[in-house]
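A.B. asks: Shown below is the structure under consideration.
The values are calculated or read from the model by the stated rules, or taken from the named source; none is laboratory data. What you are looking at is a predicted structure, and each value in this text was computed from that prediction instead of being measured. Here the Cβ positions follow ideal geometry from the backbone for every residue, glycine too, while neighbour counts run over all protein chains shown.
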Amino acid sequence: MNYLFRILSCLIVFIVLNNALIGQYDPENEVVTISKYHLKPLSEVENGSAAERKEVLEEYARKMNPLSTKLKSAMTLGHYWTGSSQDILAVNRWKSIADADESVVSTEEVRKRAWRRDDLREEFMKKYNKYWTGRHDDLEVLELLNGYTKNRKRKPKENTVVTIVRRYMAPLSTVEDGSAEERKELWDEWFENITMENDKLLSQMILRHYWSGTYNPRKETPIIFIREFVSMTDADDGGWDEPIEAFWPDEEQRKERMAQGNKYWLGKHEDIGIYHNLVNLQK
């Protein structure tokens, strides 16, 4: 009994220390899942066409999205300058991982509400499914930092451009004269005065580790930025110069503040992808 107690005590201490080191998930934040689905080449689809494929994809989103009440928002990303032209990325936002799980489990019930007649539902799903390979890859389960989320003001009429980039934060222990308080202050200042004032940036999600991938905060903390722009021209420009210069008109002050913020980041990033946001499929 004493031996078992000592083991349990050690386990509890490990969990407490681990949470203290890496930080706990904030229940006020939300969860984003990223999955990749694979379309068949049209040449392999019997009696298929680009027009019909577009029609069935849009009908599915139009009927299912309003009934998927646990799904807070969804972006469906198609090929632009990244990967295979057959890949579709689903970026879904949920209140919690429990909501995500419940929504997935209840998909068939939601379909029955969207197409109440069995024959019509079966006919539609046969037409819909013929365009997919039936395989998907679950890529990420991430924590959405709600306090740094920029939501689009209105739904665009045309497809937009979405960039996904992974940057790496330095461990606080390696940042000279750094602190969690200063880092948060800098993040808040940037978001309120630069991100929110960037007119070319339609929307933004900032994501960090939750239940997927490798995480070693003693070495680095990966942060994923999902940003939406009207066009590739806007994405390439970024739109950052104008709000930065407006907020810090004094060049010396601007350089000093930028250096303060940059010291919390490692000097590397990964360009994960550039995609078309298929706005008629989004929620």
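A.B. asks: For the range 177-196, which residues satisfy the criterion of being more than 19 Å from Pro222 (Cα to Cα), at pLDDT 95 or above and surrounded by fewer than 16 Cβ atoms within 10 Å (Cβ to Cβ)?
C.D. replies: Matches in the range 177-196: Glu181, Glu185, Glu189, Glu192, Asn193, Met196.
A.B. asks: Please indicate, with yes or no, whether at least one residue in the range 94-116 is surrounded by 13 or more Cβ atoms within 10 Å (Cβ to Cβ), in contact with a strand residue (DSSP E or B) (Cβ under 7 Å, 6 or more places away or on another chain) and among the aliphatic types (A, V, I, L, M).
C.D. replies: Looking through the range 94-116, at least one residue is surrounded by 13 or more Cβ atoms within 10 Å (Cβ to Cβ), in contact with a strand residue (DSSP E or B) (Cβ under 7 Å, 6 or more places away or on another chain) and among the aliphatic types (A, V, I, L, M).
A.B. asks: May I pose another question? I'd like the full set of residues that are over 19 Å from Leu89 (Cα atoms) and surrounded by 14 or more Cβ atoms within 10 Å (Cβ to Cβ), limited to the range 216-234. Write out each step before concluding.
C.D. replies: Residues of the range 216-234 that are over 19 Å from Leu89 (Cα atoms), as a first pass: 216-222, 233-234.
Selection gives Pro217, Glu220, Thr221, Pro222, Asp234.
A.B. asks: What is the one condition in (1) within 25 Å of Ile97 (Cα to Cα); (2) modelled with pLDDT of 95 or more that Tyr215 does not satisfy?
C.D. replies: Result: Tyr215 fails condition (2) only.
A.B. asks: As an exercise: evaluate Thr160 against (1) in contact with a Phe, Trp or Tyr (Cβ under 8 Å, 6 or more places away or on another chain); (2) assigned by TED's automatic domain parsing to the domain that holds Glu44; (3) buried (at least 18 other Cβ atoms within 10 Å of the Cβ); (4) not small (Gly, Ala, Ser) and give the number of the one condition it does not meet.
C.D. replies: (2)
A.B. asks: Continuing with the same structure: Do we have Pro249 as loosely packed, with under 11 Cβ neighbours inside 10 Å and not β-branched (Val, Ile, Thr) here? Even if it seems obvious, please write down each step before you answer.
C.D. replies: Working: loosely packed, with under 11 Cβ neighbours inside 10 Å: yes; not β-branched (Val, Ile, Thr): yes.
For Pro249, the condition - loosely packed, with under 11 Cβ neighbours inside 10 Å and not β-branched (Val, Ile, Thr) - is met.
A.B. asks: If only one of Thr233, Thr221 is without any contact (Cβ under 8 Å) to a residue 60 or more places away in the chain, assigned to a strand (DSSP E or B) and out of contact with any Phe, Trp or Tyr (no Cβ under 6 Å at 6 or more places or on another chain), which one is it?
C.D. replies: On the way: Thr233 fails: assigned to a strand (DSSP E or B).
After ruling out the rest, the residue left standing is Thr221.
A.B. asks: Run down Ser73, Ser43, Ser85, Ser49 and say which single residue is closer than 26 Å to Leu145 by Cβ, out of contact with any Ser or Thr (no Cβ under 8 Å at 6 or more places or on another chain) and polar (S, T, N, Q).
C.D. replies: Values: Ser43 fails: closer than 26 Å to Leu145 by Cβ; Ser85 fails: closer than 26 Å to Leu145 by Cβ; Ser49 fails: closer than 26 Å to Leu145 by Cβ.
The unique qualifying residue is Ser73.
A.B. asks: Additional query: Given the criteria outside the structural domain of Ser35 (by TED's automatic domain parsing) and either touching a His at 6+ places or on another chain (Cβ under 7 Å) or free of Cβ contacts under 8 Å to residues at least 12 places away in the same chain (or both), does Asn277 qualify?
C.D. replies: No.
A.B. asks: Quick one: how many residues across the range 201-215 are in a strand (DSSP E or B) and either closer than 14 Å to Val91 by Cβ or of a type in the set (Val, Ile, Thr) (or both)?
C.D. replies: The qualifying residues number 5.
A.B. asks: Output the residues belonging to the range 70-120 that are aliphatic (A, V, I, L, M), under 15 Å from Ser35 (Cα atoms) and in a helix (DSSP H, G or I).
C.D. replies: Correct list: Ile97, Ala100, Val104.
A.B. asks: Then there's this: Given the options Glu270, Glu245, Glu228, Glu256, name the one that is over 14 Å from the mean Cα position of the chain (by Cα) and not in a helix (DSSP H, G or I).
C.D. replies: Details: Glu245 fails: not in a helix (DSSP H, G or I); Glu228 fails: over 14 Å from the mean Cα position of the chain (by Cα); Glu256 fails: not in a helix (DSSP H, G or I).
None of the others qualify; the one that does is Glu270.
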